[in-house]
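The values are calculated or read from the model by the stated rules, or taken from the named source; none is laboratory data. Treat the numbers as computed from the prediction; the structure is a model and nothing was measured. We place every Cβ from the backbone using ideal geometry, glycine too, and count neighbours over all the protein chains shown. What goes into the accessible areas is simple: the full protein's heavy atoms, side chains included, and nothing from ligands, DNA or RNA. Shrake-Rupley method; radii C 1.70, N 1.55, O 1.52, S 1.80 Å.
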Amino acid sequence: MSKHKQVTSKAIAYGILKAVGIITGIVLLLFFLYKIQSVIIYLAFASVISLMGRPLAVFFKKRLKFNDTSAAVCTLVIIGLIFTGFFTLFIPIVIEQAQVVGEINLKNFGDDIEQLNRQASAYFNFGEVSFVELMRRSDLIDFINFRSIPDTINSFLDIFGSVVIGVFSILFISFFLLKDSKLLEGSLVALVPKTDELRFKNAFNKIKRLLSRYFVGLLLQITIIFVLYTILLLVFGIKNAIAIALIAAIFNIIPYIGPLAGGLFIVVLVTTSNLGMDFSTFILPKLIYIVVGYMFVQLIDNFINQPVIFGNSVRSHPLEIFLIIIIGGLLFGIGGMIVAIPTYTALKVIAKEFLSEYKVVKKLTKDI
């Protein structure tokens with residue numbers, strides 16, 4: 001009996017030590033991942049770029065008979081040119097807004113704001129609110145600390161340096177992911193038990209194919225919305241229509257919240273660019289037409305673009321996608337909403353490969 005108790009106590013002690021060791025290992029792993037979070041972010045961005053460029057790289061290799069290095073370089077150059085072209089669209093609006101700020105007459109600007117306030121309040125029969133008084137009540141002037149400007153400039157320079165390093169790192173990693181499509185797969189397979197290697201490779205390749213289609217679809221969605229927004233703003237003679245349309249289209253990356261932010265961005269720019277004009281006869285009618293056009297574009301996107309592009313690319317029902325995005329937002333905020341669809345797609349593929357005997361998994365993954 002005493003010998004049995006001794007064996008039992010040893011087993012318990014061994015179990016406790018094993019549990020402590022596992023917990024310690026998990027804590028150390030999480031701490032390590034926290035310390036290298038920048039590298040993980042670079043790897044994530046590089047993976048997205050490589051997935052978006054995968055169809056192009058395959059085209060260069062199979063159709064034009066490029067070798068791996070040439071195909072990767074050409075793909076990155078084309079992606080770089082596209083992003084550079086988009087970025088240059090922002091330059092005119094930044095320069096113009098900087099000139100406006102530099103030439104602004106604070107007294108006239110305040111008078112224009114107050115005039116707009118009076119006209120809008122009279123039109124909608126609201127009580128007039130003084131913007132100056134609102135600033136005083138909100139202690140906004142006290143909040144602005146001009147002594148912190150040098151620190152702000154230094155912080156900006158630090159951020160700029162980090163961005164340069166980040167861009168170089170992302171491009172460097174993207175090149176090797178495009179050059180050797182098996183690089184990431186081989187690294188991850190090393191962590192998988194020998195018996196599960198084949199199923200893991202099948203799941204990884206399927207995830208790569210579906211996510212590649214998803215990110216290409218996302219780029220196509222943004223492009224379509226950008227074109228429609230540009231047409232809308234050009235029709236009503238809005239300055240820098242292309243740049244404004246691009247910014248508003250990029251907001252659509254954030255599901256549901258992004259379109260609202262993009263619409264608010266357009267409304268604010270249109271309103272502030274027409275200060276001094278009559279509210280009821282000029283500003284309000286233009287805003288109404290633009291908002292109606294904006295809502296029409298959103299209807300096209302919600303009922304045509306998204307079901308066709310995302311439903312076909314990730315093989316999920318629109319209601320399924322909606323629920324996953326909402327759950328991602330509730331759990332992790334805006335970031336969760338952005339990564340909800342690709343994460344859910346990856347989990348579905350893994351579940352189908354490793355848990356296909358369960359009825360609910362069969363139901364959810366029947367189209368994959």
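Restricting attention to the stretch 56-76, the residues that are within 13 Å of Asp180 (Cβ to Cβ) and open to solvent by 40 Å² or more (accessible area, probe 1.4 Å) total 4. All conditions in (1) under 30 Å from Lys208 (Cβ atoms); (2) open to solvent by 70 Å² or more (accessible area, probe 1.4 Å) hold for Ile231, with the sole exception of (1).
Scanning the stretch 240-251 for residues that are at pLDDT 80 or above, under 15 Å from the mean Cα position of the chain (by Cα) and open to solvent by 60 Å² or more (accessible area, probe 1.4 Å) turns up at least one hit. Test Gly293 against the stated conditions and say whether it is free of Cβ contacts under 8 Å to residues at least 24 places away in the same chain, in contact with a helix residue (DSSP H, G or I) (Cβ under 6 Å, 6 or more places away or on another chain) and in a helix (DSSP H, G or I). No. Residue check: Lys201 meets all listed conditions (1) surrounded by fewer than 15 Cβ atoms within 10 Å (Cβ to Cβ); (2) at pLDDT below 85; (3) of a type outside the set (Asp, Glu) but one, namely (1).
From the list Ile283, Ile288, the lone residue that is in contact (Cβ under 8 Å) with a residue 24 or more places away in the chain, part of a helix (DSSP H, G or I) and either open to solvent by 40 Å² or more (accessible area, probe 1.4 Å) or in contact with a Ser or Thr (Cβ under 7 Å, 6 or more places away or on another chain) (or both) is Ile283. Given the criteria aromatic (Phe, Trp, Tyr) and either modelled with pLDDT under 80 or open to solvent by less than 20 Å² (accessible area, probe 1.4 Å) (or both), does Phe322 qualify? Considered against the rule, which asks whether it is aromatic (Phe, Trp, Tyr) and either modelled with pLDDT under 80 or open to solvent by less than 20 Å² (accessible area, probe 1.4 Å) (or both), Phe322 comes out as no. Here Val360 qualifies as part of a helix (DSSP H, G or I) and farther than 18 Å from Gly217 by Cβ.
The one condition from (1) touching a residue at least 40 places away in the same chain (Cβ under 8 Å); (2) open to solvent by 50 Å² or more (accessible area, probe 1.4 Å) that Gly53 does not meet is (2).
Looking at the stretch 177-193, which of its residues are among the basic types (Lys, Arg) and either touching a Leu at 6+ places or on another chain (Cβ under 6 Å) or surrounded by 14 or more Cβ atoms within 10 Å (Cβ to Cβ) (or both)?
Filtering the stretch 177-193 for residues among the basic types (Lys, Arg) gives 179, 182.
Answer for the stretch 177-193, where residues must be among the basic types (Lys, Arg) and either touching a Leu at 6+ places or on another chain (Cβ under 6 Å) or surrounded by 14 or more Cβ atoms within 10 Å (Cβ to Cβ) (or both): just Lys179.
Do the conditions hold for Gly263, that is, is it assigned by the TED database to the domain that holds Ile309 and open to solvent by less than 50 Å² (accessible area, probe 1.4 Å)? Here the answer is yes, as Gly263 does meet what is asked.
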